[in-house]
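These notes are about the structure you will find just below.
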Amino acid sequence: MVELSDYQRQEKVGEGTYGVVYKALDTKHNNRVVALKKIRLESEDEGVPSTAIREISLLKEMKNDNIVRLYDIIHSDSHKLYLVFEFLDLDLKKYMESIPPQSNTGLEPQMVKRFMNQLIRGIKHCHAHRVLHRDLKPQNLLIDKEGNLKLADFGLARAFGVPLRAYTHEVVTLWYRAPEILLGGKQYSTGVDMWSVGCIFAEMCNRKPLFPGDSEIDEIFRIFRILGTPNETVWSDVNYLPDFKPGFPQWKKRDLKEFVPSLDANGIDLLEQMLIYDPSKRISAKRALVHPYFRDDSDDGENHDIFGQNGLAQGGTNFSIEKRLDEGVVGEDVNFSRSINMG
């Protein structure tokens, strides 16, 4: 049986939606580095819900190259729960922020394509096992030293719920939340994750969020201003959603190319299919993977190393993941506005 004493805590590395994350050494496995996540419970007096334990136990079986591996669950006593994950130093948000400020475009198109492919592969695996994320955002897309993207926190929403507010200073971001959730819908489908993927897709291209709302109504209206105010023609069930009002302002749909100019025609088409209002018509992960966007005209069947020998390459410059980690890019108090020496 795994005990908390098997792990030697090193340092606090973050605080997210579900609790505090520590870097730790696993003394039972040659001191491998792990992420020890202490789950914050709504009421510690009531202990850990048995349903949560069951849900989390299922996640141990989720083994995929693009999903952060859950090694163990530690139920130290009736009031504490720790999850032991594979340790990854860098997330997509910090990676995008660490690119020099003078580079005012998004990530390189081939890098966006690679990250999107890996992201959707991870989601396809989870959806095939009937597990939703419901809170996808760049902060929980982690990147390893070889430049592979992996999904973190999959399934935790079902086990613990998605709180309205984070326990840190920031409000849980609404920028990636699907309209059916924003409008009060209670029935979730795989479409909620695919909407989030679309928002992340646009953000990687622009290096800024597509719908950066500061409240639920502001978020809804930002979506409407770009995609048009929905009606029963485009979304048959919209009038049944609790928070949809017939008196909402009427905006016309605009061309997404205006807002994501770096995307080619296939990229815009894929993005549009991810941002369809009706979740039943939104593209699935399985269909997204065979979309023409992922067919590279220069592809000769070989797996090209677009990341170079030493990690991620950006803008023709070797952007080594190991170098970024050595420079402390992932430290909690790093000032990302400074110019970073790419070397």
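If you go through the range 216-232 and keep only what is acidic (Asp, Glu) and over 24 Å from the mean Cα position of the chain (by Cα), you end up with just Glu232.
For the range 177-211, the tally of residues that are in contact with a Gly (Cβ under 8 Å, 6 or more places away or on another chain) and surrounded by fewer than 20 Cβ atoms within 10 Å (Cβ to Cβ) stands at 2.
Here's the yes/no breakdown for (1) at pLDDT 95 or above; (2) in contact with a Lys or Arg (Cβ under 8 Å, 6 or more places away or on another chain):
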| position | (1), (2) |
| --- | --- |
| Asp153 | no, no |
| Trp175 | yes, yes |
| Gln187 | no, no |
| Cys199 | yes, no |
| Met204 | yes, no |
| Arg207 | no, no |
| Glu232 | yes, no |
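Restricting the first member to the range 233-248 and to residues that are of a type in the set (Ser, Thr, Tyr), and the second to residues that are at pLDDT 95 or above, the beta-carbon pairs closer than 9 Å and six or more apart or on different chains are Ser236/Asp278; Ser236/Ser280. Go through the range 126-143 and report how many residues are surrounded by fewer than 17 Cβ atoms within 10 Å (Cβ to Cβ) and either acidic (Asp, Glu) or assigned to a loop (DSSP other than H, G, I, E, B) (or both). The qualifying residues number 2. The set of residues in the range 177-214 being assigned to a helix (DSSP H, G or I) and among the polar types (S, T, N, Q) consists of Ser196, Asn206. Evaluate the range 95-117: report whether one residue or more is closer than 17 Å to Met204 by Cα, exposed (fewer than 15 other Cβ atoms within 10 Å of the Cβ) and at pLDDT 85 or above. So far as the range 95-117 goes, yes, one or more of its residues are closer than 17 Å to Met204 by Cα, exposed (fewer than 15 other Cβ atoms within 10 Å of the Cβ) and at pLDDT 85 or above.
The values are calculated or read from the model by the stated rules, or taken from the named source; none is laboratory data. Keep in mind that this is a model prediction, so the values were computed, not measured. In this analysis, Cβ positions are derived from the backbone assuming ideal geometry, glycine residues included, and neighbour counts consider all displayed protein chains.
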